[in-house]
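Trainee: My structure is below; once you've seen it, I'll send some questions.
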Ligand code: FES
């Protein structure tokens, strides 16, 4: 077993050697959408590794390609579904914002101000900034996200993990 710290989520947790970060985060109640089903094709499991990056499995070519699409990519960026915990001493933080996987998910928020940025599920760009009012017309514009997610899901069906 190894220990791992999750910024803002309480005490360090014990994880199995080679356990994927994604499983750890889900077990801890992190709000991750896993839009591609853990295949390394989207941004919805994007995390920042703030310590111990070398104690995770190396970035795979597929993960690198997906990370390159991320608008807010940093040297600390990893995809939680691709990174496995090899040693103790890793610390992980979730990016700020909510990844959108379907435009309809915003319907219940019409007329309210976004409390956090709403992000594109594949490239992480800001679709609605914090404080902006969520309108029906903006939700209609965001139907592009539905197409992007459908295409990504189709692609993910043809890929093995
Ligand atoms: S769940 Fe899509 S890249 Fe990890």
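Since every read-out is calculated from the coordinates, none of them should be taken as a lab result. Treat the numbers as computed from the prediction; the structure is a model and nothing was measured. Backbone-built Cβ (ideal geometry, glycine too); neighbour counts: all protein chains shown.
Trainee: What number, rounded to the nearest 500 deg cm²/dmol, is the helix-based mean residue ellipticity at 222 nm of the chain, given -39500 (n - 2.57) per DSSP H run of at least four residues and division by all its residues?
Mentor: -6500 deg cm²/dmol
Trainee: While we're here: Name the residue, out of 100, 14, 142, whose mean-square fluctuation peaks in a Gaussian network model built on the chain with Cα pairs under 10 Å.
Mentor: So, out of 100, 14, 142, the one fluctuating most is 14.
Trainee: Calculated FRET efficiency, residue 73 and residue 159, Cβ-Cβ r, R0 22 Å, to nearest 0.05?
Mentor: 0.55
Trainee: Still on this structure: What base-10 log of the normalised intensity I(q)/I(0) is obtained for the chain from the Debye formula, alpha carbons as equal point scatterers, at q = 0.15, 0.17, 0.18, 0.21 Å⁻¹?
Mentor: -0.80, -0.99, -1.08, -1.33
Trainee: Roughly what % antiparallel, to the nearest 5, for the DSSP beta bridges in segment 2-93?
Mentor: Restricted to segment 2-93, the bridges split so that about 80 percent are antiparallel.
Trainee: While we're here: Under 10 Å, Cα contacts only: if you run a Gaussian network model on the chain, which one of 137, 66, 77 comes out with the highest mean-square fluctuation?
Mentor: Taking springs between Cα atoms under 10 Å, the residue moving most is 137.
Trainee: Okay, moving on. Springs between alpha-carbon pairs under 10 angstrom, Gaussian network model over the chain: which of 148, 72, 27 fluctuates most?
Mentor: 27
Trainee: For segment 98-157, what is the convex hull volume of its Cα atoms per residue in Å³?
Mentor: In segment 98-157, the Cα hull volume divided by residue count equals 68 Å³.
Trainee: Another question about this same structure. Return P(r) of segment 2-93 (all Cα-Cα pairs; 10 Å bins starting at 0; whole %; ordered from short to long distances).
Mentor: 18, 56, 25, 1
Trainee: Here's another thing I want to ask about it. Under 19 Å from a point placed 7 Å out from the Cα of residue 112 along the Cα-to-Cβ direction: which residues of segment 28-59 have their backbone N that close?
Mentor: The answer is 31-33.
Trainee: What number does segment 46-121 give for Rg over Rh if you use C-alpha atoms and the Kirkwood radius?
Mentor: With Rg and the Kirkwood Rh in hand, the quotient comes to 1.06.
Trainee: I need 132, 2, 39 ordered by Cβ neighbour count within 10 Å, fewest first.
Mentor: In order of increasing Cβ crowding within 10 Å: 132, 2, 39.
Trainee: Sticking with this structure for a sec: Any chance you could run the full-extension gain for residue 17 through residue 136? It's 0.36 nm times the residue separation minus the Cα-Cα distance, nm to one decimal.
Mentor: 38.2 nm
Trainee: By counting other Cβ atoms within 10 Å of each Cβ, how are 125, 20 ranked from fewest to most?
Mentor: Ranking 125, 20 by Cβ neighbours within 10 Å, fewest first, gives 125, 20.
Trainee: Continuing with the same structure: When a footprinting reagent is the concern and you count Cβ atoms within 10 Å, what order do 24, 85, 59 take, fewest first?
Mentor: By the 10 Å Cβ count, ascending: 59, 24, 85.
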